[in-house]
Amino acid sequence: MIKFLDLQRLNASFQPELSDAIRRVVDAGWYLRGTETNHFEAEFAEFCQQKYCIGVANGLDALTLVLQAKKTLAGWEDDCEVIVPAMTFVATAQAVVRARLRPVFVDVDEHGLIDPTLLAEAMSPKTRAVIPVHLYGQLADMEAIWQFAEAHNLFVLEDAAQAHGIARAGRSQAIAFSFYPGKNLGALGDGGAVVTSDEELAEIVRTFANYGARRKYIHEYSGCNSRLDEVQAAILRVKLKRLIADNARRTEIAQYYEESISAMGCKDVIATLPHRASVYHIFPILSPHREVLQQRLYKAGIETLIHYPLPLHYQPCLKAFNGGERRFPMAEYIAEAELSLPMSPLLTDDEVKEVVQQIQLSI
Ligand SMILES: *Cc1c(COP(=O)(O)O)cnc(C)c1O
């Protein structure tokens with residue numbers, strides 16, 4: 001079976017450094033808010049070309065904490081609106097709801113990225129922020145989004161949970177990352193980070209994540225407990241060193257997929273290479289016969305996944321935020337047609353060829 005993502009093989013390839021890193025933490029006897037976390041935060045901030053990095057417990061917390069921090073700093077009211085793409089992992093919108101703000105959905109383009117030309121019609125006098133998502137590892141059209149945001153005084157928070165290595169620098173106020181094990185930079189458990197160059201925002205995110213305390217035992221806010229632990233930080237430091245090389249291997253695999261699938265000339269299977277840069281967290285293909293194709297591939301020993309079968313406006317927990325029953329045709333099309341091929345920097349050339357051959361036999 002060629003797995004969608006063989007995490008055991010992936011993590012074994014980082015040995016013995018991973019075990020050494022874990023042992024280092026065990027022996028140090030300091031498990032939270034210590035030197036590994038400090039070092040990782042400095043290294044990841046530099047990697048992202050930003051001034052500050054705050055390690056947190058997961059990607060959902062990273063997104064939520066930024067929104068809560070900005071809401072407090074800017075005095076946004078509870079029903080202020082945040083624009084999110086209709087096609088993304090549900091966390092993007094759940095973070096908005098957790099911060100007691102309202103998500104407003106916008107359709108995506110044919111690559112699954114928020115369509116900047118649709119931002120204007122999603123605006124209301126209550127709009128305060130936009131969260132572009134670098135879906136599948138593709139860089140969203142940030143130039144257009146920044147221009148729109150600057151013209152309308154919107155706060156820009158990038159959801160880079162799928163885009164380690166491509167979301168960096170730029171004009172966004174903050175970038176949120178997840179280190180869920182399957183991400184391009186994955187821990188051996190949960191983890192996340194906020195990166196920003198805004199000192200005031202960084203400070204308040206850190207405070208919220210630490211029970212609302214700037215100084216020990218003085219709690220200015222009712223915050224939460226959201227920390228990246230020392231073991232995960234030590235593991236991430238090992239894996240960060242190989243991220244650029246791993247992303248390059250993903251790109252090589254993606255190019256092979258794209259060329260071979262396009263060469264099949266089958267109009268029912270579309271391999272869409274993004275028109276923008278990508279770190280290929282996921283390689284999506286689109287097929288109107290997605291279910292049949294997935295089953296045939298599974299029987300042939302190829303595991304695939306779907307990202308994501310339900311767009312946000314159809315999620316039971318978010319229906320209330322689409323009161324007008326608006327439709328988002330491209331998000332709905334992707335939800336019905338998307339299939340994610342095996343993708344990992346550890347896939348061999350033979351495995352990648354096998355995937356392509358089985359697609360050819362299945363169509
Ligand atoms: C994984 C992911 C998240 C959430 O990250 P967790 O660490 O699982 O909380 C948020 N947004 C997107 C786009 C993701 O892929």
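The values are calculated or read from the model by the stated rules, or taken from the named source; none is laboratory data. Owing to the predicted nature of the structure, the values given are computational and were not obtained by experimental measurement. All Cβ positions, even for glycine, are placed from backbone atoms using ideal geometry, and neighbour counts span all protein chains on display. To get the accessible areas, we keep the full protein, side chains included, count just its heavy atoms, and leave off ligands, DNA and RNA. Shrake-Rupley method; radii C 1.70, N 1.55, O 1.52, S 1.80 Å.
In segment 281-313, what count of residues is obtained for those that are under 23 Å from Ala160 (Cα atoms) and open to solvent by 80 Å² or more (accessible area, probe 1.4 Å)? Here the count works out to 1. A single entry from Arg9, Arg24 fulfils the requirement of being in contact with a helix residue (DSSP H, G or I) (Cβ under 9 Å, 6 or more places away or on another chain) and either assigned by TED's automatic domain parsing to the domain that holds Gly137 or farther than 21 Å from Gly165 by Cα (or both): Arg24. Restricting attention to segment 94-130, the residues being outside any loop (DSSP other than H, G, I, E, B) and within 13 Å of Glu332 (Cα to Cα) number 3. Give me the pairs, please: first residue somewhere in segment 250-262 and assigned by TED's automatic domain parsing to the domain that holds Ser344, second residue anywhere and open to solvent by 40 Å² or more (accessible area, probe 1.4 Å) and β-branched (Val, Ile, Thr), beta-carbon distance under 9 Å, and either six or more positions apart or on two chains. These pairs meet every condition: Ile261/Ile270; Ser262/Ile270.
Mind listing whichever residues of segment 230-273 are more than 26 Å from Ala193 (Cα to Cα) and touching a His at 6+ places or on another chain (Cβ under 8 Å)?
Asp268, Thr272
Evaluate the following for Leu188: is it within 15 Å of the ligand (Cβ to nearest atom), in contact (Cβ under 8 Å) with a residue 60 or more places away in the chain and assigned to a strand (DSSP E or B)? Considered against the rule, which asks whether it is within 15 Å of the ligand (Cβ to nearest atom), in contact (Cβ under 8 Å) with a residue 60 or more places away in the chain and assigned to a strand (DSSP E or B), Leu188 comes out as no.
Val194 meets all of the listed conditions (1) crowded, with 24+ Cβ neighbours inside 10 Å; (2) within 11 Å of the ligand (Cβ to nearest atom) but one, namely (2). Set side by side, the residues Tyr257, Tyr211 differ, and just one is farther than 30 Å from Ser340 by Cα, aromatic (Phe, Trp, Tyr) and at pLDDT 95 or above, which is Tyr211.
Here the condition is being away from the ligand (no atom under 11 Å from the Cβ), closer than 23 Å to Ser222 by Cβ, crowded, with 24+ Cβ neighbours inside 10 Å and touching a residue at least 12 places away in the same chain (Cβ under 8 Å); of Ala176, Ala209, it holds for Ala209 alone.
Looking only at segment 67-76, decide whether some residue is open to solvent by less than 10 Å² (accessible area, probe 1.4 Å) and either away from the ligand (no atom under 12 Å from the Cβ) or within 26 Å of His281 (Cα to Cα) (or both). Within segment 67-76, one or more residues are open to solvent by less than 10 Å² (accessible area, probe 1.4 Å) and either away from the ligand (no atom under 12 Å from the Cβ) or within 26 Å of His281 (Cα to Cα) (or both). Could you please find all residues in segment 1-23 being touching an Asp or Glu at 6+ places or on another chain (Cβ under 8 Å) and not aliphatic (A, V, I, L, M)? Within segment 1-23, Lys3, Phe4 qualify. Applying a threshold of 6 Å to beta carbon distances and a minimum spacing of six or more residues, or different chains, the list of pairs starting in segment 28-56 at a residue that is within 10 Å of Val194 (Cβ to Cβ) and ending at one that is open to solvent by 30 Å² or more (accessible area, probe 1.4 Å) and assigned to a loop (DSSP other than H, G, I, E, B) reads Gln50/Ser197.
Filtered by the rule that a residue be outside any helix (DSSP H, G or I) and open to solvent by 30 Å² or more (accessible area, probe 1.4 Å), segment 145-168 gives Asn153, Arg168. Against the list (1) surrounded by fewer than 23 Cβ atoms within 10 Å (Cβ to Cβ); (2) within 12 Å of the ligand (Cβ to nearest atom); (3) farther than 30 Å from Glu220 by Cα, the condition Arg98 fails is (3).
Every residue, every condition in (1) within 14 Å of the ligand (Cβ to nearest atom); (2) open to solvent by 30 Å² or more (accessible area, probe 1.4 Å); (3) within 22 Å of Pro116 (Cβ to Cβ), yes or no:
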site	(1), (2), (3)
Tyr52	no, yes, no
Asn58	yes, yes, no
Thr64	yes, no, no
Asp78	no, yes, no
Ala86	yes, no, yes
Phe89	yes, yes, yes
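Where helices (runs of 4 or more DSSP H) fall entirely within segment 1-73, those with at least 1 residues that are at pLDDT 95 or above and farther than 30 Å from Pro342 by Cβ are at 17-28, 35-47. Taking the conditions (1) in contact with an Asp or Glu (Cβ under 9 Å, 6 or more places away or on another chain); (2) open to solvent by less than 40 Å² (accessible area, probe 1.4 Å); (3) on the phi < 0 side of the Ramachandran plot in turn, Gly112 satisfies each one other than (3).
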